[in-house]
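One structure is given here, and the rest of the page talks about it.
The values are calculated or read from the model by the stated rules, or taken from the named source; none is laboratory data. Treat the numbers as computed from the prediction; the structure is a model and nothing was measured. Ideal geometry is used to build each Cβ from the backbone, glycine not excepted, and the neighbour counts take in all protein chains shown.
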Amino acid sequence: MKSTNKLFAATILAAATSFSATANASVFIKDYADEGLWNAYDAENQTYAARFRSDQGKDGFWLVVTDGQNPKGDGTSHAILYGDIENNRITAYTYNGENSSNSFNNGTLIGTYENAFTTGEIHPTFGYELTTFSLDVSEINNAFGEDFDGVQLGEQNGIWFHQSAGSEFTYGEDGSIVDYVFEDQTYLDRGNDVTFHRDSAERDRICRNQPNHYICRTATQLVSAGNIGAATPGSEASGGAASGAGSVPAPGGLALILVGLAGLGRKFLKKA
């Protein structure tokens, strides 16, 4: 087991270094393996990816991430993502800062991602089911000016992730959420967790001396992000319209990094 974990870790370190370097910006990664969640953010391309445990009937979620503090209580700076696995859809709203799932009631609809999830993957060590998504969040991050962070990680990660079981979403004609009910929930509630990241300078030093090094040879493959989903803007969102919708099928881009990270998972999410 120890040797396997070392192999996974080495693969991810190399992959993250390669990917961030070629994009000429940092990729920030936070591994919450014990809670069954892995997430990453490419600051240059403004893409956010996550892979999470999705067995035991967990078929929905609400998620807020930040580049620092726990997002709860901040109702001005962040977006909240609602995940509906049955309908393969993620809906983004402005987060109202409350400790509840009700931001869709009084928040602003920012956009919708159709065909958002890759499901049915199995954890290589523990055998539970995994679900992955990878999103272009540039429209979200730029919807309301410089003071709105939207969805992003930095040198630190704050996260508020509730998964729901027995989830039922009801939508309006414009894609807005009319109702969201569920039978049970789990949670991950953290702030100011240090992320892993690498910049281009470190990779360049390696590749000048070792051009056939793993992180140099795989750079193109890792940066290629396939059909990263772009949001269909909500009716009240500002900024230009995005084209298309969907998500990256793993492996690809950030999703490829998360493939290896998922091999280090440990425990169930905590019960609320």
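Go through the range 100-127 and give me each residue that's in a strand (DSSP E or B) and among the β-branched types (Val, Ile, Thr). So that I can check it myself, show each step before the final result.
Filtering the range 100-127 for residues in a strand (DSSP E or B) gives 109-114, 118-122.
Matches in the range 100-127: ILE110, THR112, THR118, THR119, ILE122.
Just one residue in the set LEU109, LEU130, LEU63 is within 13 Å of the chain's Cα centre (by Cα) and buried (at least 18 other Cβ atoms within 10 Å of the Cβ); that residue is LEU63.
Go through the range 30-47 and give me each residue that's closer than 24 Å to PRO124 by Cα and either out of contact with any helix residue (DSSP H, G or I) (no Cβ under 6 Å at 6 or more places or on another chain) or at pLDDT below 75 (or both).
LYS30, TYR32, ASP34, GLU35, GLY36, LEU37, ASN39, TYR41
The residues of the range 133-169 that are surrounded by 22 or more Cβ atoms within 10 Å (Cβ to Cβ), among the aliphatic types (A, V, I, L, M) and in a strand (DSSP E or B), listed by number, are LEU135, ILE159.
Mind checking whether some residue in the range 189-198 is assigned to a loop (DSSP other than H, G, I, E, B), more than 24 Å from GLY120 (Cα to Cα) and out of contact with any helix residue (DSSP H, G or I) (no Cβ under 6 Å at 6 or more places or on another chain)?
Narrowing the range 189-198 to residues assigned to a loop (DSSP other than H, G, I, E, B): 195, 197-198.
When the remaining residues are screened for being more than 24 Å from GLY120 (Cα to Cα), the result is 195, 197-198.
Retained after the next criterion (residues that are out of contact with any helix residue (DSSP H, G or I) (no Cβ under 6 Å at 6 or more places or on another chain)): 195, 197.
Among the residues of the range 189-198, at least one is assigned to a loop (DSSP other than H, G, I, E, B), more than 24 Å from GLY120 (Cα to Cα) and out of contact with any helix residue (DSSP H, G or I) (no Cβ under 6 Å at 6 or more places or on another chain), which makes the answer yes.
What are the residues in the range 82-99 that are among the charged types (D, E, K, R), under 22 Å from TRP160 (Cβ atoms) and in a loop (DSSP other than H, G, I, E, B), if any? Once the filter is applied, which keeps residues that are among the charged types (D, E, K, R), under 22 Å from TRP160 (Cβ atoms) and in a loop (DSSP other than H, G, I, E, B), the range 82-99 yields only GLU98.
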